[in-house]
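A short write-up of the structure that comes next.
Here, each number is a calculation from the coordinates, and none is a lab measurement. Bear in mind the structure is a predicted one, so any value in this text is a computation, not a measurement. No Cβ is skipped: glycine too gets one built from the backbone with ideal geometry, and neighbour counts run over all protein chains shown.
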Amino acid sequence: MRKGLVLEGGGMRGLFSAGVMDVMMEHGIRFDGIVGVSAGATFGCNYKSHQPGRVLRYNIDFKDDPRYMGFRSLVTTGDLVAADFSYHTLPNELDVFDRQAFCQDPTEFHVVCTDVMTGSPVYHRIDVMDDAGLDWIRASASMPLVSRPVSLGGHLLLDGGISDSIPLRYFQGQGFGRNVVVLTQPKGFFKKRTKLMPLFRVFMRRYPAIVRAMSVRHEMYNDELHFLAEQEEKGNVLLIYPEDTLPIGRTEQDERKMRHVHAMGQDAARRLMPDIKRFLGL
């Protein structure tokens, strides 16, 4: 039975997942496949490239760099997270992403995006982290309202979390029957309908399918939580989640908070390591 790692998004809450992954890498935990959504994709690719610590490092090193993320980038480029700098300059020149290690590692790496014309999920497997691969990751993490849609593979794409926030069903369909799932919300969390719907109706009116998807996103997400609980009860899933609501906003760049959230993920992974190894048969 193939073993998978499923990574939810959540912007900077994903530093919790990065902390979990860093500890699992330190313990030599390997998976047959990884699927990431949004921040789960941007941070999760470092697992396949064998680069523990990189996620926290570059987020801290460039947190005050206007070329990376912020209002200036949003106004000048249409993207809160600057596309060229964040997905090309940074991984190619400043904190180099190990493309060779990514390519040589046999772990499958999948990302989830959302087609803006249909509102449906688009799944893509990245085998080579070339410029196109980096753009697939960018598309998966392109949050609506603060990102331009990304044109790839015959689709216009935005954040995968719009249509499939926790893609366990997809990964099971790909043959991964035993999955560790890392969530960025605590146990007992249920999503409510977004209060930003008036903004979506105005600023996303060119893409009515995205407006519809956002209006029912809470229903999709809560249904996936219900499915996770069923699969956990059957022994098919090991869930890792923060004990409390993570004390950081989706786009917040406070160094103290980033380090704290990352440490929370590390602590969770260390505490659960015997369970992780037992679940994976190690």
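Points worth noting:
- Residues whose amide H comes within less than 5 Å of that of residue 156, counting only those at least five positions distant or on another chain, are 116, 117 (H built at 1.01 Å from N in the peptide plane).
- Mean projected area (nm²) of the alpha-carbon convex hull when the stretch 4-72 is viewed from all directions: 4.6
- Our estimate of slack between residue 71 and residue 107, defined as 0.36 nm per intervening residue step minus the Cα-Cα distance, is 9.3 nm.
- Overall, the stretch 60-105 carries a charge dipole of about 180 debye about its Cα centre when +1 sits on the Cβ of Lys and Arg and -1 on the Cβ of Asp and Glu, all other atoms neutral.
- Extension reserve of the residue 152-residue 96 stretch, reckoned as 0.36 nm per residue once the Cα distance is removed: 17.8 nm
- Computed about the Cα centre, the dipole magnitude for the chain is approximately 700 debye when only Lys and Arg (+1) and Asp and Glu (-1) carry charge, each at its Cβ.
- Counting only Cβ charges, +1 for Lys and Arg and -1 for Asp and Glu, the dipole size of the stretch 160-219 around its Cα centre is about 280 debye.
- Where only DSSP H runs of four or more residues are counted, the chain gives -12500 deg cm²/dmol as its mean residue ellipticity at 222 nm, each run worth -39500 (n - 2.57).
- 3J(HN,Hα) along the stretch 153-160: x, x, 10, 9, 10, 9, 3, x Hz, from the Karplus curve 6.51 cos²θ - 1.76 cosθ + 1.60 with θ = phi - 60°, whole Hz, x for Gly and Pro.
- Alpha-carbon gyration tensor eigenvalues x 5, square-rooted, for the chain, Å: 26, 22, 19
- 3J(HN,Hα) from dihedral phi, the stretch 199-206, Karplus parametrisation 6.51/-1.76/1.60, rounded to Hz, x for glycine, proline: 5, 4, 5, 7, 8, 10, 5, 5
- One decimal place: the segment residue 192-residue 273 gains 26.0 nm when fully extended, by the rule 0.36 nm per residue minus the C-alpha distance.
- Electrostatic tally near residue 29: other residues with Cβ closer than 15 Å to its Cβ, Lys and Arg +1, Asp and Glu -1, net +4.
- Inter-centroid distance (Cα atoms) of the stretch 224-282 relative to the stretch 56-135, Å: 23
- Among the listed pairs 63/277; 48/277; 3/187, those with a Cα-Cα distance over 27 Å are 63/277.
- Burial order of peptide ranges 139-145, 176-182 (average beta-carbon count within 10 Å, highest first): 139-145, 176-182
- Dipole orientation for the chain: of the candidates 152, 170, 211, 211 has the Cα lying most toward the positive pole (charges on Cβ; Lys, Arg +1; Asp, Glu -1).
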